[in-house]
Amino acid sequence: MTLTVNEIFYSIQGETCSAGLPSVFVRLTGCNLDCSYCDTPCAREDGTSLEIDSIIQKIEQYPSADHVTLTGGEPLLQTNAIHLLRQIIDRGWKCQIETNGSILLKDVPEKVRKIVDVKTPSSGESDSFEMRNLKYLTDRDEVKFLISSIEDYDFSRDFIDKYLARRGLVINFSPVYNTMPYAELADRIINDKLAVRLNLQLHKIIWGPDRKGR
Ligand code: SF4
């Protein structure tokens with residue numbers, strides 16, 4: 001059973017409630033969207049076919065890592081990604097999947113923390129969210145809005161009001177690097193009394209925009 005893999009590497013998780021923790025990143029190839037600010041365009045096409053057993057062996061090369069991040073591209077485009085997630089969980093490793101929100105989450109194992117994007121207007125893909133996914137989000141999961149303009153902010157706030165209010169989810173507002181000033185977004189969150197988490201891309205603050213580590 002194989003997956004097409006863009007890269008496997010070990011770094012610091014830069015986002016979400018796991019920010020700052022080391023993680024083994026498995027980046028799968030392929031994406032069904034075309035976001036304007038995509039920072040991993042190479043992951044949309046470049047990849048090598050690997051057996052899932054081989055992927056597990058590569059993860060095991062990092063003995064201090066007990067956390068795996070499955071990312072992309074869009075990792076759920078490859079149906080075998082579910083088998084990889086099951087094998088990761090079966091080994092007792094913590095795991096999170098970063099998904100663009102457009103693919104149904106129904107088969108993702110319960111122990112996997114789902115980090116789910118809701119695409120905002122500046123992405124050019126704001127109608128991509130699979131609304132049936134709302135019922136598959138649990139209190140362990142996180143939703144992420146990438147924000148690069150006031151229009152994105154207003155869109156995100158309205159989406160929360162309509163669909164995510166009174167849910168136990170962590171909701172991340174993530175300023176797109178070098179677009180929305182951090183202080184402006186922080187001030188808006190405070191002034192509007194939003195129960196959201198300011199999600200800075202730690203790896204870009206540490207190493208700049210081109211270094212891997214998300
Ligand atoms: S979903 Fe992610 S990988 Fe796909 S185009 Fe958008 S930012 Fe790039």
In Å, the C-alpha Rg and Dmax of the range 74-177 are 14.0, 43
Of all DSSP beta bridges with both partners in the chain, the antiparallel percent, nearest 5, is 30
Sequence order, the range 191-203: Karplus ³J(HN,Hα) from phi using 6.51 cos²θ - 1.76 cosθ + 1.60, θ = phi - 60°, Hz rounded, Gly and Pro as x, gives 5, 8, 6, 7, 8, 10, 9, 6, 10, 7, 7, 4, 5
Protection proxy (average C-beta count within 10 Å per residue), highest first, orders 176-183, 114-121, 7-14, 38-45 as 114-121, 7-14, 38-45, 176-183
Checking rank on 84-92, 46-54, with mean other Cβ inside 10 Å and highest first, the result is 84-92, 46-54
Per the Cα gyration tensor, the chain corresponds to an equivalent ellipsoid with semi-axes, largest first in Å, of 28, 18, 17
Residue-ordered couplings for the range 116-132, obtained by feeding phi - 60° into the Karplus form 6.51 cos²θ - 1.76 cosθ + 1.60 and rounding to whole Hz (Gly and Pro as x), are 10, 6, 10, 6, 9, x, 5, 6, x, 10, 6, 9, 8, 5, 7, 5, 5
Checked against a 30 Å limit on the C-alpha separation, the offending pairs among Lys94/Lys193; Lys106/Lys193; Lys119/Lys204; Lys58/Lys119; Lys135/Lys204 are Lys94/Lys193; Lys106/Lys193; Lys58/Lys119; Lys135/Lys204
Residue by residue through the range 162-172, the couplings from Karplus 6.51 cos²θ - 1.76 cosθ + 1.60 with θ = phi - 60°, in Hz, x for Gly and Pro, are 7, 10, 10, 4, 6, 9, x, 5, 7, 10, 9
From the Cα centre of the range 109-141 to that of the range 162-198, the distance in Å is 16
Spelling it out for Val5: with amide H atoms placed in the peptide plane at 1.01 Å from N, the residues 5 or more places away or on another chain with amide H under 5 Å from its amide H are Thr29, Thr48, Ser49, Leu50
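The numbers here are math on the coordinates, done by the rules we state, and not lab data. Everything quoted here is computed from the prediction, not taken from an experiment. Because the Cβ atoms are built from the backbone with ideal geometry, glycine has one as well, and the counts that use them run over all protein chains shown.
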